[in-house]
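Since every read-out is calculated from the coordinates, none of them should be taken as a lab result. Please read all numbers here as calculations on a predicted model, not as lab measurements. No Cβ is skipped: glycine too gets one built from the backbone with ideal geometry, and neighbour counts run over all protein chains shown.
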Number of protein chains: 4
Amino acid sequence: MTAHVLLIDCPDEKGLVYRITKTLYESDFNVLKNDEYVDNSSNHFFMRTEFAGEGDSNVILKKLQEALPDTANIRLNPQKKKDIVLLVTKEHHCLGDLLIRYAYDELNANILAVISNHNVLQPLVAKFGIPFHYISHLHKTREEHEEMVLKALKIYEPEYLVLAKYMRILNASFVSHYSNRIINIHHSFLPAFIGANPYKQAFNRGVKIIGATAHFVNDDLDEGPIIEQSVIEVNHRQSWKEMAKAGRDVEKIVLSRALKLVFQDRVFIHGNKTIIF
Amino acid sequence: MTAHVLLIDCPDEKGLVYRITKTLYESDFNVLKNDEYVDNSSNHFFMRTEFAGEGDSNVILKKLQEALPDTANIRLNPQKKKDIVLLVTKEHHCLGDLLIRYAYDELNANILAVISNHNVLQPLVAKFGIPFHYISHLHKTREEHEEMVLKALKIYEPEYLVLAKYMRILNASFVSHYSNRIINIHHSFLPAFIGANPYKQAFNRGVKIIGATAHFVNDDLDEGPIIEQSVIEVNHRQSWKEMAKAGRDVEKIVLSRALKLVFQDRVFIHGNKTIIF
Amino acid sequence: MTAHVLLIDCPDEKGLVYRITKTLYESDFNVLKNDEYVDNSSNHFFMRTEFAGEGDSNVILKKLQEALPDTANIRLNPQKKKDIVLLVTKEHHCLGDLLIRYAYDELNANILAVISNHNVLQPLVAKFGIPFHYISHLHKTREEHEEMVLKALKIYEPEYLVLAKYMRILNASFVSHYSNRIINIHHSFLPAFIGANPYKQAFNRGVKIIGATAHFVNDDLDEGPIIEQSVIEVNHRQSWKEMAKAGRDVEKIVLSRALKLVFQDRVFIHGNKTIIF
Amino acid sequence: MTAHVLLIDCPDEKGLVYRITKTLYESDFNVLKNDEYVDNSSNHFFMRTEFAGEGDSNVILKKLQEALPDTANIRLNPQKKKDIVLLVTKEHHCLGDLLIRYAYDELNANILAVISNHNVLQPLVAKFGIPFHYISHLHKTREEHEEMVLKALKIYEPEYLVLAKYMRILNASFVSHYSNRIINIHHSFLPAFIGANPYKQAFNRGVKIIGATAHFVNDDLDEGPIIEQSVIEVNHRQSWKEMAKAGRDVEKIVLSRALKLVFQDRVFIHGNKTIIF
């Protein structure tokens, strides 16, 4: 018996669940887990199903396409292990966490390479035998630099880019190459403290809780669909640098949780929101 | 269009979701929300469905009974507002919270009466115009006291008993009258600190977090299926009385969250666990 | 032996702790608890001391004044129970929570009256025997309305105003009458979602966590010093109204925690921040 | 100006803070931070002070000894970077997290070596250039095995042992060599689920929250003074293996937070509790 993952989204109409489960049942598959959701404001249907059986997955995919509206977006068994490239700058905590997880096969992804605009993290990446591309941004326009990064990415053709504390803003033209496939960790509880140095902003505002946000990247800075958020308490005794230190643990846990959700095919993007099963 | 809530659980077999959604579809109902779960160790199937349509609910119930195995436990539109009685002792925080919610119709339940083995909470209950039964346990055996409580309960025939800090242990014979229908709030993070004065136990153990647990009551003290838990941080500066004070807020929130889940028919009991949709 | 609370803040200089503890020691007082903090950016010293002894508090206050710089702000045994007035609009959850706590003397404050621009909460307040002033804002300018509120407040001369979901913006002239003595509960995790309907804003942004913030009110909307914050997780299944419902529990707990801190004289205001011991 | 850390604990008596701050003041030191606490049940005084100045630390230590009772336990500038050895078994998550932190000098400690009763983690440790001792427990009595571990430890003379998921119980005789200097991470919210496989216990009990506890090790299994605890939510959908996976993140964060507190000399042990400043 083989296990399958099925993701479907389409405009809602009566009988969708029935038609999907009928198709699976008639092909002798057994539903193991099933999650569905209808977004009322847009009248859009989302479903994620895990099922098992001995049938042919190409046959069942074809049958589902016949049973469902043409508008349905059907993904059966999306590539299990995602090919990814990490972009980093100077901070090691998210990168280190992901490298350890990768070394023990916990990521559901292959880290094909790490690209950085600085070379300080090269020794850490080298420990894990992963290619490291140092592409400095110095003396280059943003466009020139991004062109070089894109070129390096072409070697690997990753499914996802993970910005593991990549401290540069990306142009819309860069983002368009990996639409809905770039995941960023922002070091604040978005939408609070958008932009530069959120810990300093948080310190100056005197907040009692700080946080981190993992989100897909779109054209607007820090405005993409949020995948995961978490917070920790802070107090007046902490300088903004101490807040930043304390925040690192939140950042790395939030990023790895978000990646786990995305790489297990649990996340739908719908407008500027995520549906997560 | 009327909205309905359907709860089904039975031994798992192939095609259950298909048969259920087929039955609803053929009667022209539209599924609004759907949650299901199969417990692998016991091979038991659980499903909660919200659906809407113009059909007759008695007809659809009959059709579902025909479509599903005889062993299926099917509940369609369980009584919307639950009739409940609260049992309390001397502490006001859970009681007060529930009375305020009840006064503004947030409980999905009718508080028919409050029963207490002390009379200190009578004035609070009186503010809300709810019958208060003071049944002292003094000079009575446990059996005699429980007999008197049962007699008072007979007036109201509640669907659920809520132990909102009722500081007495219940005999199995009492519990058997309300099997799976008694909800207790225990002032610790179960299974830590079972039994008397958990805050003192927590203080003596030097824990850094304390909590509260809402659970169904069965024969074994503090061993029933857990519905909801939450925690707060404590530190060495707090005496056990200060921990108890801080814990009250957790207790009242955990109890009201648990009641919300149960009274919205989101909770299945399965052995000593809960399945919550 | 009488217990005393001493609050001191002044520009930092060498030997402040020494001079304070020397003064207490020489008057035969014993320090029970001691918290201090120096804000490095402003070089300002804060100290809160609980001490006990048989000496005269007026004598010790005078000695402290002599021992410390003229710039020192010294408060010894600030009025134990604070006189407060609550301002509310239509929502009952914070008000109800405070009334229950007040009925059982948990607030360290006397609720002298409740003032509202609507009359819907009058019955709840009446249950607790507290004066209720219905001062409608209809057909009045903001200034006229605030003038009437100020007039009502004059009857009570409260030390603090608590905005327990008072859904009106206050003019700077109103605020100036109770400078640093107005506490508001804002239904978001400030500085996220400043302004109107934060739950709708949160829903539209697709956040995974929502929160509440208790803060002192100053001239800028939602910009005053933050006292306490807390959060809860939300997900895509919740409408903004369901988020608002879930948020109520956070709001009431955050507000009551903030009031407890302020009314136990644990909070210093320093610029737009709070120092909390 | 040199910064110093001073830790004092002794039976409480009047004037301790005064005498300490007087001694510092007269030697021209400035107090930067000060925390103190008196445990009422045992009448014991604890104080941690950070101060700065140009004076000689040996001189000030001598003066403090003269000013304080003979019973006072005074530690001035405890060794800044702690020498530690890690004991591990097969799980990599805590070890990996500590190695990354160590590589970037975030631990306030030197990892002198890693000792394991299995050899699976050798490659990970090798990446970081740290000695790895594989001391199998097979075909040895517990006493024989511990004797070999003690022998290996003698090479390094560590100040602290960190049990970073070391899945063996230690004899009292072993523990006595490192009294109050062994820190363990237990994969449950102690005192819940003491002993073997706490995630399986948690799963079987149907809890809604799981946690982790970092504590000092004493003779009784999982009974030593607790340093740090944290929790995450779980639900019925998670198998005990999935709970264990989710718990790993909590374990590693709790362990590293506890180590940070201990290695910054913020933790007093008092009976079976910790006082943490």
Mind listing the long-range amide H neighbours of B:GLY224? Cut-off is under 5 Å, sequence gap 5 or more, other chains count too, H placed in the peptide plane at 1.01 Å from N.
B:ASN218
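Scale the Cα Rg of the stretch D:162-277 by the rule-of-thumb value 2.2 N^0.38 Å and send over the ratio, two decimals.
Ratio of Rg to 2.2 N^0.38 Å for the stretch D:162-277: 1.06.
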What aspartates and glutamates sit close enough to D:LYS200 to cross-link, taking a C-alpha to C-alpha distance under 15 Å and skipping anything fewer than 8 places away on the same chain?
D:GLU242
Ordering C:1-10, A:206-215 by per-residue average of other C-beta atoms within 10 angstrom, highest first, gives A:206-215, C:1-10
Nearest beta-carbon of C to the rotation axis carrying it onto B: which residue, how many whole Å?
C:LYS127, 2
Step by step: find N for the stretch C:2-78, compute 2.2 N^0.38 Å, then divide the Cα radius of gyration by it. What's the final number?
1.02
Say a label goes 7 Å from Cα toward Cβ at A:ASN119 in every copy; what distances in nm does this one have to the rest, shortest first?
3.7, 7.9, 8.7
When each copy gets a label point 7 Å from Cα toward the beta-carbon at B:GLU242, what are the spacings between them in nm, shortest first?
2.0, 4.0, 4.1
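Helix-derived [θ] at 222 nm for chain A: sum -39500 (n - 2.57) over DSSP H runs of at least 4, divide by residue count, nearest 500?
Working: 8 runs with 92 residues, N = 277.
Calculated from helices alone, the mean residue ellipticity at 222 nm is -10000 deg cm²/dmol.
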Kindly point out which whole DSSP H helices in chain B project their C-alpha atoms 30 angstrom or further along the helix axis while averaging a Kyte-Doolittle hydropathy of -0.5 or above.
B:240-263
Sparse-neighbourhood loop hits (trypsin sites (Lys or Arg not before Pro), the stretch B:41-84; DSSP loop; Cβ within 10 Å at most 16 others) -> B:LYS80, B:LYS81
Considering only the label points, 7 Å along Cα→Cβ from Cα, what distances in nm to one decimal separate A:GLY271 from the same position in each other copy, shortest first?
4.0, 4.3, 5.8
Output for the stretch B:141-209: GluC sites (Glu not before Pro) sitting in coil per DSSP, at most 14 other Cβ within 10 Å, listed by number, reads none
Name the GluC sites (Glu not before Pro) in the stretch C:1-82 that are in a loop by DSSP and that have at most 16 other C-beta atoms within 10 Å, would you?
C:GLU13, C:GLU54
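What average number of partner chain Cβ atoms lie no more than 10 Å from the Cβ of the residues making up B:252-260?
Details: counts 5, 5, 1, 0, 1, 2, 1, 0, 2.
Mean shielding by partner chains, rounded to a whole number: 2.
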Could you tell me how far the Cα centroid of the stretch D:89-117 sits from the Cα centroid of the stretch B:15-82, in Å?
53 Å
